[in-house]
Amino acid sequence: MAEILGLGCTHRPVMLRRNEDWTGMMRTSLDDPDMPAEMKDPVRWPAKLREELGNDWGAGAAGRAREVYRRHFAQTRATLDDFKPDVIVMFGDDQYENFKEDVVPPFAVLAYDGHEIEPWKNRAWNPWGEPNDKRFSFSGHRAAGKYLASGLLEHGIDAAYAYNPLHHPLGHAFAYTLLLLDDERRGFGYPVVPFSVNCYGRRVNAARGLRLPLKMRDKIRELDPPSPSPARCMSVGAATARVMAKSPWRTAIMASSSWSHSFLTEKNYQLWPDVAADRRLYDALEKGEYATWHDYTTDEIENSGQHEVLNWFCLLGAMEELGRKPDRSTFIETWAFVSPVVFAHYLP
């Protein structure tokens, strides 16, 4: 059987912004014309949120947090380098990038030969000071993607697959992860098979992967069909582990996303994430208590703004299938910077 490494990380879009811009989503929500006046009063906000914002709208705290995230990305990269995978299967969400109104598959294996991206094309700044026309090339693995898609179908998982991009060369959930894992710009030579999960469900087309205006907060269930359920994501992850364990390739199975997002947590008027709900899931992850994850529902996901955690349900399904508990994990709490972050390593 092929060896499998399990990893969970984040694609952390704020890492590609200036420190003073890390609270941009919160400020956008505060400017919403339907934001209640009382919710604009900091006295109504959690104390930890006010502390993180400080007197500079979080710029100082963002600078400190950036270094914490960089250390964890470096540890994740070191674990990959030690394992030396033949292929990485990476669960990530598509936020109205490759999949739009013409088709939104619940799951899609992107069995591309390679990935070409120009992440700075429409950006004025990036943390590496790289030119706007800089192009990055990452290897794909069509053979492994075809093998995975075939195996999933044989296991009763009706996953879509593709050999070429539809609307976007590589969604940011995958692209940003690769850029951050190569923080030192040593190159990233491991072939990647992106595994797209429709995490945004009911809101993906209406919100185009971003926030919805507050006037729609009670109408979201009317927009689009939902995402695949947490239980289905776990079964997809389990099947992925079974298929790749029988493959000829040393495989790293990864999930890349942050956890509850402020702009998805309508009950908090999009101002802060559901840290308590994330903590409950993380505690179960840390202890290897998979029953907590199996019992989670789509309603809980949507109520707590945990849409992107569906990528982690896929990872947890795979790790349960392999009988693993995390060898290393950490929960990085934040109230001001969109979403808490988890890193986890499941060694073979």
Heavy-atom accessible surface of the chain: percent carbon and sulfur, 1.4 Å: 48 percent
Over the chain: helical MRE at 222 nm, DSSP H runs n ≥ 4 each giving -39500 (n - 2.57), nearest 500: -10000 deg cm²/dmol
Out of these labelled values of Cα Rg over 2.2 N^0.38 Å, [x] 1.42; [y] 1.16; [z] 0.94, which was calculated from the coordinates shown here? [z]
Below 8 Å between Cα atoms, with a sequence gap of 6+, how large is the relative contact order for the range 219-340 in percent? 41 percent
Please tell me which of these pairs span more than 24 angstrom C-alpha to C-alpha: 100/267; 48/267; 40/267? 100/267
Site residue 34, offset 7 angstrom along Cα→Cβ, radius 17 Å on amide nitrogen, limited to the range 219-248, gives 219-224
Give me the dipole magnitude in Debye, nearest 20, for the chain about the Cα centre, with unit charges on the beta carbon: positive for Lys and Arg, negative for Asp and Glu. 460 debye
What lysines sit close enough to residue 246 to cross-link, taking a C-alpha to C-alpha distance under 29 Å and skipping anything fewer than 8 places away on the same chain? 84, 146, 287, 325
Shape verdict for the range 125-216, please, from the Cα gyration tensor: rounded (a/c under 1.5), prolate (a/b greater than b/c) or oblate. oblate
Return a whole-number percent for the relative contact order of the range 97-180, with Cα pairs under 8 Å and 6 or more residues apart as the contact set. 43 percent
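Just the number please: accessible area per residue for the range 169-225, 1.4 Å probe, all protein chains included, in Å².
Each residue of the range 169-225 exposes 39 Å² on average to a 1.4 Å probe.
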Farthest positive-ward along the range 217-348 dipole, Cα basis, beta-carbon charges - from 330, 251, 346: 251
Please work out how much length the chain gains when fully extended from residue 154 to residue 245, using 0.36 nm per residue of separation minus the C-alpha to C-alpha distance, in nm with one decimal. 31.3 nm
Below 14 Å, Cα to Cα, which aspartates and glutamates can residue 215 reach? Residues fewer than 8 away in the same chain don't count. 31, 32, 34, 266
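Classify the range 68-206 as rounded, prolate or oblate, taking a ≥ b ≥ c as the square roots of the eigenvalues of its Cα gyration tensor: rounded when a/c is under 1.5, otherwise prolate if a/b is larger than b/c and oblate if not.
Oblate shape, in that a/c is at least 1.5 and b/c is the bigger or equal ratio.
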Counting Lys and Arg as +1 and Asp and Glu as -1, what is the net charge of the other residues whose Cβ lies under 14 Å from the Cβ of residue 180? +3
Give me the 1.4 Å probe accessible area per residue for the range 233-319, excluding ligands and nucleic acids, in Å². 26 Å²
Here the relative contact order (percent) of the chain, from C-alpha pairs under 8 Å and at least 6 apart, is 29 percent
Suppose all protein chains stay in the model; what accessible area per residue would a 1.4 Å probe give for the range 48-126, in Å²? 45 Å²
Go ahead and set up a Gaussian network model of the chain, Cα springs under 10 Å, then flag whichever of 138, 107, 195 fluctuates most. 138
Taking the Cα centre of the range 84-177 as the origin and placing charges on Cβ (Lys, Arg +1; Asp, Glu -1), which of 110, 120, 171 is farthest toward the positive end of the dipole? 120
Rank 190, 98, 273 by how far each Cα sits towards the positive end of the charge dipole of the chain (+1 on Lys, Arg Cβ; -1 on Asp, Glu Cβ) and give me just the farthest. 190
What shape does the range 1-116 have by the C-alpha gyration tensor, where a ≥ b ≥ c are the square roots of the eigenvalues, rounded means a/c under 1.5, and otherwise prolate means a/b greater than b/c and oblate the rest? oblate
Whole-Hz couplings from phi, Karplus 6.51/-1.76/1.60, listed for the range 178-183; x for Gly and Pro: 5, 5, 6, 6, 10, 4
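The values are calculated or read from the model by the stated rules, or taken from the named source; none is laboratory data. Fair warning: this is a prediction, and the values are worked out from it, not measured in the lab. Note: ideal-geometry Cβ built from the backbone for every residue, glycine included; neighbour counts use all protein chains shown. Calculation scope for accessible area: heavy atoms of the full protein, side chains included, ligands and nucleic acids excluded. Shrake-Rupley method; radii C 1.70, N 1.55, O 1.52, S 1.80 Å.
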